[in-house]
1. Please specify each residue of the range 217-248 satisfying the condition of being in contact with a strand residue (DSSP E or B) (Cβ under 7 Å, 6 or more places away or on another chain) and more than 20 Å from Ile274 (Cβ to Cβ).
2. Looking at the range 54-71, which of its residues are open to solvent by less than 70 Å² (accessible area, probe 1.4 Å) and not in a helix (DSSP H, G or I)?
3. Is it true that some residue in the range 326-338 is of a type outside the set (Ser, Thr, Tyr), within 15 Å of Ala94 (Cα to Cα) and open to solvent by 60 Å² or more (accessible area, probe 1.4 Å)?
4. Write out, first by first residue and then by second, each pair whose Cβ atoms fall under 8 Å of each other, whose residues are 6+ apart or on separate chains, and whose first residue, in the range 107-121, is of a type outside the set (Val, Ile, Thr) and open to solvent by 10 Å² or more (accessible area, probe 1.4 Å) while the second is within 9 Å of the ligand (Cβ to nearest atom) and assigned to a helix (DSSP H, G or I).
5. Return only the number of the condition from (1) in a loop (DSSP other than H, G, I, E, B); (2) within 16 Å of the ligand (Cβ to nearest atom); (3) surrounded by 15 or more Cβ atoms within 10 Å (Cβ to Cβ) that Ala74 does not satisfy.
6. Could you please find all residues in the range 84-95 being crowded, with 21+ Cβ neighbours inside 10 Å and touching a residue at least 40 places away in the same chain (Cβ under 8 Å)?
7. Please work out which residue is modelled with the lowest pLDDT, limiting yourself to the range 405-426 and to residues that are farther than 25 Å from Tyr379 by Cβ and among the hydrophobic types (A, V, I, L, M, F, W, C).
8. Restricting the search to the range 17-40, which residues are more than 25 Å from the chain's Cα centre (by Cα), buried (at least 21 other Cβ atoms within 10 Å of the Cβ) and either assigned to a loop (DSSP other than H, G, I, E, B) or acidic (Asp, Glu) (or both)?
Amino acid sequence: MAEPSDFPRTATYQADPAEVGRVLLLYSGGLDTSVMLRWIQEQYGAEIVTLTVDLGQPGEDWDVVVGKARDLGAVESVVVDARKEFAEDYVLPALKANALYGGGYPLFTALGRPLIAKLAVEQARATGCDTIAHGCTGKGNDQVRLEATVATLAPDLKVIAPVREWQMGREEEIAYAREHGIPVKGGTEAPPYSIDDNLWGRSSEGRAIEDLSAPPPDDVFNLVTAPEDAPDAPEDLRITFEAGRPVALNGERLPLVDLLERTAEAGARHGVGIVDHIEDRVVGLKVRDLYEVPAAAILIEAHRDLEKLVSTVHQNEFKHILDRKWAYLCYSGLWYDPLREDLDAYIDSANRYVTGEITVRLYKGTARVVARQSPYAVYDQSLAGFGESGGEFSQHASPGFIELFTLQSRMAHRIRAARNGEADGG
Ligand code: ARG
């Protein structure tokens, strides 16, 4: 097994083993970070403080995680409930930006990492740690997001990433765990997939998922009902938005965290939000991810629809360009790039009138907008219909409009055709 001094350091923020005194470890309670907890003490002779961040990942028992950290020698063990901050300051801006990386991934992991790293910096400061340790591999995006944030907010703090450096195989890791009395959940079988989740979604990667030629294995999906098993009766969900923020479900006002959870439950019941995604990672690799994102699938669809209704064609033609840029910045770990704030300023401005109600019909894997209403709708039913119009719309003016509107297109077509004809004939 590699020693900490064996690997080359290519960034200034990578810790020199001799200088590591107290380490803030981002701890999930899983095998990797549990092995890290012992290994860092052993290899660096360092004290460990663990930080576990609650972003609404379902089915976790934080007392058990803290107990485990203490058993493995952590001098201090902290769990931070960051669900509200995550929802308000990360998920809500993403929703206003209709944020879908690569057109399909609602960025739940990417949104969580800068918050986790910010809390790690705060906790490191509060507990006198000089180094932050995380369990990311060297192939993923999460290392980029965490380290970008730490290096931005706290250039003086060092980082260690043992999983990236130690090159312990799965068997070695389990042997190490055995030797050091680390409980191995679920036996010695390698877990079939790499999972990450929070209140905005759940991802699975690796193993059988890597075979692009096969449909997703059934055992991947843990959150969302298979669409074919979903109820035969559709369910309508009426979502109220105020300035881009979802505030009520079927007329009941809810705090944002509750609203996201309730929307996810409804979507999951109806098989909504399964995404089979080919993804371009920041580090160059192309991978396949399987996502379960019921809340995002419903809310982004509803938000985008309402935004379209209250905005002009010019706003609609423009905003998706910024939305895409926003998603890319977030995906690639550049949460603190000033461009994000610039984009947020526009996106918030564009959302001032995104107020109204959208009804989404959930049915066997689909979430379809079936009704909308807004005091700011740029819509006049009396003008929109097939019948006679008056006032601001005169059908008699249309031919003149068409002739002027198409002038350049028609001219260019004619001129080129004539020139090409000359060239051919000549
Ligand atoms: N592909 C997604 C992303 O880059 C999900 C990553 C999940 N992370 C994990 N450690 N399993 O954001």
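1. Passing the criteria: Asp236, Arg238, Ile239, Thr240, Phe241, Pro246, Val247, Ala248.
2. Restricting attention to the range 54-71, the residues satisfying the condition of being open to solvent by less than 70 Å² (accessible area, probe 1.4 Å) are 54-57, 62, 65-69.
Within the range 54-71, Asp54, Leu55, Gly56, Gln57 qualify.
3. First pass over the range 326-338, keeping only residues of a type outside the set (Ser, Thr, Tyr): 326-327, 329-330, 333-335, 337-338.
Among the residues that remain, those that are also within 15 Å of Ala94 (Cα to Cα) are: 326-327, 329-330, 333-335.
Cutting the leftovers down to open to solvent by 60 Å² or more (accessible area, probe 1.4 Å) gives us 334.
Yes, the range 326-338 has at least one match.
4. Taking only residues 6 or more apart or on different chains, the pairs are Arg113/Asp142; Arg113/Arg145.
5. Result: Ala74 fails condition (2) only.
6. First, pick out the residues of the range 84-95 that are crowded, with 21+ Cβ neighbours inside 10 Å: 86-87, 90-91, 94-95.
The answer is Phe86, Ala87, Val91, Ala94, Leu95.
7. Just the residues of the range 405-426 that are farther than 25 Å from Tyr379 by Cβ, to begin with: 406-426.
From what is left, the residues that are among the hydrophobic types (A, V, I, L, M, F, W, C) are 407, 411-412, 415, 417-418, 423.
On the way: Leu407: 98, Met411: 98, Ala412: 98, Ile415: 97, Ala417: 97, Ala418: 96, Ala423: 80.
Filtering first and then ranking leaves Ala423.
8. Answer for the range 17-40, where residues must be more than 25 Å from the chain's Cα centre (by Cα), buried (at least 21 other Cβ atoms within 10 Å of the Cβ) and either assigned to a loop (DSSP other than H, G, I, E, B) or acidic (Asp, Glu) (or both): just Val20.
The values are calculated or read from the model by the stated rules, or taken from the named source; none is laboratory data. Everything numeric in this text was worked out from a predicted model, so none of it was measured. We place every Cβ from the backbone using ideal geometry, glycine too, and count neighbours over all the protein chains shown. Side chains included, ligands, DNA and RNA excluded: accessible areas come from the protein's heavy atoms. Shrake-Rupley method; radii C 1.70, N 1.55, O 1.52, S 1.80 Å.
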